[in-house]
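First comes the structure, then the notes that go with it.
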Amino acid sequence: MRVMGIETSCDETAVAIVEAPAGNQPVGNILANVVYSQLTEHRRFGGVVPEIAARAHLERLDGLVAEALAEAKLDLADLDGIAATGGPGLIGGVLVGVMTAKALAFAHDKPFLAVNHLEGHALSVRLTEEVTFPYLLLLVSGGHCQLLTVRGPGDFVRLGTTIDDAVGECFDKTAKLLGLGFPGGPAVERAAQGGDPQRFPLPRPMWKKPGCDFSFSGLKTAVRQAVEKLPKGDSRAIADLCASFQRTVGDVLADRCANALAMAPSDTLVVAGGVAANVYLRRRLEALGPRLVAPPIKLCTDNGAMIAWAGLERLRLGHTDSLDFRPRPRWPLAPAEAHA
Ligand code: KG4
Ligand code: ZN
């Protein structure tokens, strides 16, 4: 079974083709995985500009579809389904991906699959690692910070979520305040190397509180105040602040995951989403005890392979979508009522 996945919900235009070996094994093969990152388009604005993103997706997507097929040495006729991110995300970009996937599916008489971007992150680990349902998932990206039990495709129980900002946004803001560039996560991680993680005491919102919710706005404010007092051009202080910030985030994530493991015991903790690329944070989560599984670093940030894989998992269950699917700017993985 082979599925193409199209991802256009933010600032990466991405197309991939994945294949499941015969016999319902969880692990798959990536036959093609092409990503065009719009970094240069957005860099001078210090963040993603939705209108520019939508246009860039439109200009690039056809070419990337052709490139992915060439890389996999396949024709559209060889595919079993066409998946695209159906939301949540910047609606202009999501529309471009969904329209393209629907057109390809219609023209070649293939099933169309509208994939929730968060489900893409949530299931991505099963593309490369043997992980069986159910598992505990920490989903940490630029727009989300949640703890969920993943029971199967389309079957999630939300244990906690952020009450204000996402953790990736907090990394991006810290980098911006320190002039480290965009996107911030990798820049903060690099700058933190060799820094003193104890030098700046920063607040740890929600730390040691019951439940599994997160909060990052107080930490963001504290970082801003610390940056304002920093001597200009002091690279030692920048390294120390980045290391202290990262340690603080590590303390909070580890504390919230420990609570989640107490509420919903699991022998496997999966971390996914762009922030899961952070090696220091992975180490902190590893120390919690259960087996920690994360996608390979390059599949943590947005990519087409995770959308193709989630589409494939849905297709295997017969969960296809009709061509009148409407893109969804908001699309929670689990209803708030399921909040434990
Ligand atoms: O999953 P993703 O590519 O897009 C969303 O769905 O949001 O996540 C992007 C986020 C950005 O905030 C970026 O700064 C963060 O992931 N990120 C990192 C690292 N790499 C990317 N955060 C911390 N450490 C990293 N190495
Ligand atoms: Zn994402």
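For the pair residue 99 and residue 319, label points projected 7 Å from Cα toward Cβ lie 2.8 nm apart. Accessible surface calculations at 1.4 Å, restricted to protein heavy atoms, place the chain at 42 Å² per residue.
Accessible surface for residue 297 stands near 80 Å², nearest 10, in the context of the full protein assembly shown (1.4 Å probe). On the beta carbon distance between residue 227 and residue 55, with R0 = 30 Å, the FRET formula returns roughly 0.35.
Counting heavy atoms of the protein chains alone, residue 161 has an accessible area of about 30 Å² for a 1.4 Å probe. Taking a straight line from the alpha carbon of residue 110, these aspartates and glutamates sit under 15 Å away, with near neighbours fewer than eight places off in the same chain left out: 75, 78, 80, 321, 324. Accessible surface for residue 286 stands near 100 Å², nearest 10, in the context of the full protein assembly shown (1.4 Å probe).
Each label was represented as a point 7 Å from its Cα along the Cα-to-Cβ direction; for residue 76 and residue 287 these points are 5.2 nm apart. A simple rule links phi to the HN-Hα coupling: the Karplus curve 6.51 cos²θ - 1.76 cosθ + 1.60 with θ = phi - 60°, which for the stretch 105-119 gives 5, 5, 5, 10, 6, 10, x, 9, 10, 8, 9, 5, 3, 5, 5 Hz, with x for Gly and Pro. Counting only lysines at least 8 places from residue 176 when in the same chain, those with an alpha carbon closer than 18 Å to its own are 220, 229, 232.
By accessible area, using a 1.4 Å probe on protein heavy atoms only, the chain has 53% of its surface on carbon and sulfur. Within the listed set 289, 233, 194, the Gaussian network model of the chain (springs between alpha-carbon atoms below 10 Å) gives the highest mean-square fluctuation for 233.
Remark: the stretch 191-292 carries a charge dipole of roughly 160 debye about the Cα centre, counting +1 on each Lys and Arg Cβ and -1 on each Asp and Glu Cβ. Accessible area ranking (1.4 Å probe, heavy atoms, ligands and nucleic acids excluded), largest first, for 80, 234: 80, 234. Placing +1 on the Cβ of every Lys and Arg and -1 on the Cβ of every Asp and Glu, with no other charges, gives the chain a dipole of roughly 1100 debye about its Cα centre. Helical runs (DSSP H, four residues minimum) scored at -39500 (n - 2.57) apiece and divided by the length of the chain put the mean residue ellipticity at 222 nm at -12500 deg cm²/dmol.
The values are calculated or read from the model by the stated rules, or taken from the named source; none is laboratory data. Keep in mind that this is a model prediction, so the values were computed, not measured. Heads up, the Cβs are rebuilt from the backbone with ideal geometry, glycines too, and the neighbour counts pull from every protein chain shown. Protein only, heavy atoms only, side chains kept; ligands, DNA and RNA dropped before computing areas. Shrake-Rupley method; radii C 1.70, N 1.55, O 1.52, S 1.80 Å.
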